[in-house]
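What follows is a short report on a single structure.
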Amino acid sequence: MADAQFDYDLFVIGAGSGGVRASRIAAGHGARVAVAEEYRVGGTCVIRGCVPKKLLVYGSHFAEELQDAANYGWTVEKTTFDWPTLRDAVLRDVDRLNVAYTSTLETHHVERFLERAVIIGPNSVRLASGREITAKVILVATGAWPVMPEFAGAEHCITSNEVFHLEQLPRRVVISGAGYIAMEFAGIFNALGSHVTVVNRSETLLRGYDQALRDRLLQITMARGIQYRFNCPFEKVVKREDNTLEVWLKGQPDPVLADQVLVAAGRNPNTAGLGLENAGIVLGERGEIVVDDHAQTSCPSIYAVGDVTDRVQLTPVAIREGQAFADRVFGGKHVAIDYSCIPSAVFSQPPLAGVGPTEGEARSQYGSIKVYSSDFRPMKNVFGHRPERGLYKMIVDAATDKVLALHMIGPDAPEILQAAAIAVKAGLTKADFDATVALHPSMAEELVLMK
Ligand code: NDP
């Protein structure tokens with residue numbers, strides 16, 4: 001497909017999950033590829049998202065394990081926790097992955113420009129250095145950026161971009177939002193010993209997840225000491241001389257005091273200042289790049305994948321989109337992406353995970369459904385004198401017996417759900433689940449024992 005008229009066959013803007021996958025697959029198909037990245041190769045997931053977050057979840061979980069250890073005969077005399085040790089180890093792992101992603105690009109002969117690139121026409125970009133580059137195809141994979149709502153004192157708050165670099169563990173944390181990032185960091189800080197208050201503008205947490213699981217998470221996390229303020233938009237944040245932050249909430253007479261305020265109010269597509277107007281690229285209401293089923297924008301030579309298109313803001317989806325784009329445009333292979341049945345998880349403590357519609361959604365989509373559930377106390381919790389219960393729900397189409405959805409909260413729910421999602425995607429029935437012999441003793445066996 002090499003075209004001497006252009007400097008490259010493909011120029012990718014953004015070396016995150018979608019951009020790196022598209023670059024290396026296109027290069028594998030023989031395309032001459034270059035990628036521009038203004039921050040670090042790896043993108044949000046690797047550098048300041050999923051990966052370092054999961055390591056912090058692991059790190060904080062030791063609190064519970066150490067507490068339980070005595071029951072199992074271990075003498076744990078005095079435990080202390082050192083935030084800089086965990087923080088630096090996590091950041092070192094991020095460095096390792098940054099190197100690994102960079103070497104993947106090198107191995108595939110993808111040229112890297114570690115600077116910002118803006119589009120100046122349907123087939124050309126300008127780098128921050130001023131150099132202009134032409135390409136037959138341009139792929140925008142610039143991801144999304146944390147939303148910082150407008151309120152006085154917002155400059156005293158941090159987002160998920162900064163939270164991995166804190167100098168010290170905050171004694172008191174206020175988190176704005178009750179979505180993925182808020183609930184994951186509420187769990188991390190709570191387990192590490194911080195006093196956590198989650199504040200949301202609405203009356204709920206984790207909108208989009210099944211109600212029964214959200215209720216269970218609320219109940220367990222409140223018992224663990226996380227405080228909630230619902231229907232409480234931020235009014236202002238005031239910094240006192242001693243650096244204490246006063247978080248004033250609308251309609252509340254007194255502020256909540258904090259050492260750090262983490263704002264996790266969603267992520268907007270990263271399209272500002274990219275020069276998209278120079279190629280006539282149509283944007284949607286949230287500033288997202290509008291694409292068709294083939295990731296093509298309104299400018300035929302420019303494509304977009306991942307969070308910048310604001311379809312499903314999940315890393316594995318961006319990777320699939322990057323792969324499908326490169327296979328189709330440079331490999332002549334057509335691979336359709338199925339956006340139904342995408343499993344997802346929240347690494348809260350305990351974690352929750354789901355695939356398929358919630359009970360409410362299923363009722364309105366299918367009319368007649370059957371709901372099976374298992375509300376159980378995991379063996380480990382019983383032995384550890386923990387009252388926390390797991391909850392699994394299975395939603396079945398009453399007409400066909402097909403399993404439409406699974407929703408779970410409890411230890412290891414994301415690990416269990418990933419495997420079970422294969423069965424849901426394959427269209428298996430409740431009878432198929434029932435016909436599978438239980439693997440005992442495990443939590444996952446509840447899946448084949450549901451009444
Ligand atoms: P979410 O969309 O999950 O949650 C946003 C939260 O902020 C909600 O509670 C919402 O309230 C509230 N909110 C939205 N807008 C405003 C506003 N203007 N002012 C105040 N509050 C507001 O976003 P996150 O930032 O937590 O995460 C961003 C995305 O990153 C997620 O959607 C997810 O796709 C991805 N992600 C995935 C993870 C995973 O797979 N485990 C982990 C982390 C992030 P309400 O909706 O109640 O009105």
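Condition test on Thr221, is it out of contact with any strand residue (DSSP E or B) (no Cβ under 6 Å at 6 or more places or on another chain), closer than 26 Å to His407 by Cβ, polar (S, T, N, Q) and in contact (Cβ under 8 Å) with a residue 40 or more places away in the chain? Show your work before the answer.
Working: out of contact with any strand residue (DSSP E or B) (no Cβ under 6 Å at 6 or more places or on another chain): yes; closer than 26 Å to His407 by Cβ: yes; polar (S, T, N, Q): yes; in contact (Cβ under 8 Å) with a residue 40 or more places away in the chain: yes.
Criteria met by Thr221.
In the stretch 66-101, which residue that is of a type in the set (A, V, I, L, M) and exposed (fewer than 14 other Cβ atoms within 10 Å of the Cβ) is farthest from Asn161 (Cα to Cα)?
As a first pass, look at the stretch 66-101 and keep what is of a type in the set (A, V, I, L, M): 66, 69-70, 76, 86, 89-91, 94, 97, 99-100.
Next cut, exposed (fewer than 14 other Cβ atoms within 10 Å of the Cβ) only: 66, 70, 76, 89, 99-100.
Numbers: Leu66: 30, Ala70: 37, Val76: 35, Ala89: 17, Val99: 20, Ala100: 21 Å.
Checked the stretch 66-101; the qualifying residue farthest from Asn161 (Cα to Cα) is Ala70.
With the requirement that a residue be open to solvent by less than 40 Å² (accessible area, probe 1.4 Å) and within 8 Å of the ligand (Cβ to nearest atom), what does the stretch 313-322 give you? Walk me through it before giving the result.
Going residue by residue through the stretch 313-322, those that are open to solvent by less than 40 Å² (accessible area, probe 1.4 Å) are 315, 317-318, 321-322.
Of everything in the stretch 313-322, just one residue is open to solvent by less than 40 Å² (accessible area, probe 1.4 Å) and within 8 Å of the ligand (Cβ to nearest atom), namely Thr315.
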Check: Out of (1) touching a Phe, Trp or Tyr at 6+ places or on another chain (Cβ under 6 Å); (2) within 16 Å of the ligand (Cβ to nearest atom); (3) assigned to a helix (DSSP H, G or I), what's the single condition that is false for Met408?
Finding: (3)
Next item on the list: Tell me, please, whether a residue that is without any contact (Cβ under 8 Å) to a residue 60 or more places away in the chain, assigned to a strand (DSSP E or B) and over 23 Å from Gln67 (Cα atoms) can be found in the stretch 377-393.
Entry: yes
Next item on the list: With the checklist (1) away from the ligand (no atom under 16 Å from the Cβ); (2) in a loop (DSSP other than H, G, I, E, B) in hand, flag the one item Gly287 doesn't pass.
Entry: (1)
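From the list Leu274, Leu257, Leu283, pick out the single residue that is open to solvent by 40 Å² or more (accessible area, probe 1.4 Å) and under 24 Å from Gly43 (Cα atoms). Give the steps one after another, and end with the answer.
Details: Leu274 fails: open to solvent by 40 Å² or more (accessible area, probe 1.4 Å); Leu257 fails: under 24 Å from Gly43 (Cα atoms).
Sole residue among the options that is open to solvent by 40 Å² or more (accessible area, probe 1.4 Å) and under 24 Å from Gly43 (Cα atoms): Leu283.
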Checklist line | Within the stretch 137-212, strands (runs of 3 or more DSSP E) holding 1 or more residues that are open to solvent by 20 Å² or more (accessible area, probe 1.4 Å) and either among the charged types (D, E, K, R) or touching a Phe, Trp or Tyr at 6+ places or on another chain (Cβ under 7 Å) (or both) | finding: 172-176
Next item on the list: Name the single residue, out of those in the stretch 334-355 being assigned to a strand (DSSP E or B) and either touching a residue at least 40 places away in the same chain (Cβ under 8 Å) or in contact with a His (Cβ under 8 Å, 6 or more places away or on another chain) (or both), that is farthest from the ligand (Cβ to nearest atom).
Entry: Val355
Next item on the list: Please find, within the stretch 265-284, the residue that is farthest from the ligand (Cβ to nearest atom) out of those that are closer than 29 Å to Thr204 by Cβ and out of contact with any helix residue (DSSP H, G or I) (no Cβ under 8 Å at 6 or more places or on another chain).
Entry: Gly284
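The values are calculated or read from the model by the stated rules, or taken from the named source; none is laboratory data. Everything numeric in this text was worked out from a predicted model, so none of it was measured. Quick reminder, even Gly has a Cβ in these numbers, built from the backbone with ideal geometry, and neighbours come from all protein chains shown. Heads up: the accessible areas ignore ligands, DNA and RNA and are worked out on the full protein's heavy atoms, side chains in. Shrake-Rupley method; radii C 1.70, N 1.55, O 1.52, S 1.80 Å.
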